[in-house]
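Below is one structure, written out as structure tokens, with a few remarks after it.
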Amino acid sequence: MKKQDLIAVEDFCQYHSIEVSFIRSLNESGLIQTTRSGHKTFLSFEELPRVEKFVRLHYDLDINIHGLEAIDHLLDRVEALQQELLQWKNRVQDI
């Protein structure tokens with residue numbers, strides 16, 4: 001991954017006025033992936049919408065890390081079911 005495709009966690013946290021420990025907790029729980037380079041930790045630009053979603057859920061709705069894990073699992077499940085439904089609809093249309 002190129003350096004310009006990354007944002008420092010400290011910069012992200014400063015921009016959003018959040019604690020670096022929250023990003024660390026998201027990473028430790030497996031909800032997001034960070035990259036270390038030297039003494040700095042970075043987020044990929046691809047990860048930003050996901051991280052921002054977790055920031056809003058946590059800080060606006062006061063949902064803890066375990067709640068975020070449950071919500072993430074349920075949203076993944078809903079997406080998988082939507083894909084399966086779309087496949088079934090396509091099969092029915094082909095008949």
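The values are calculated or read from the model by the stated rules, or taken from the named source; none is laboratory data. The structure displayed is predicted, hence computed values, not measured ones. Note that we place each Cβ from the backbone using ideal geometry, even for glycine, and neighbour counts take in every protein chain shown.
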Is there a residue in region 37-57 that is out of contact with any His (no Cβ under 6 Å at 6 or more places or on another chain) and part of a loop (DSSP other than H, G, I, E, B)? yes
If I filter region 1-36 down to residues being among the hydroxyl-bearing types (Ser, Thr, Tyr) and part of a helix (DSSP H, G or I), which single residue comes out as farthest from the chain's Cα centre (by Cα)? Tyr15
If the requirement is being touching a Phe, Trp or Tyr at 6+ places or on another chain (Cβ under 6 Å) and at pLDDT 95 or above, which of these qualifies: Leu48, Leu75, Leu31, Leu68? Leu68
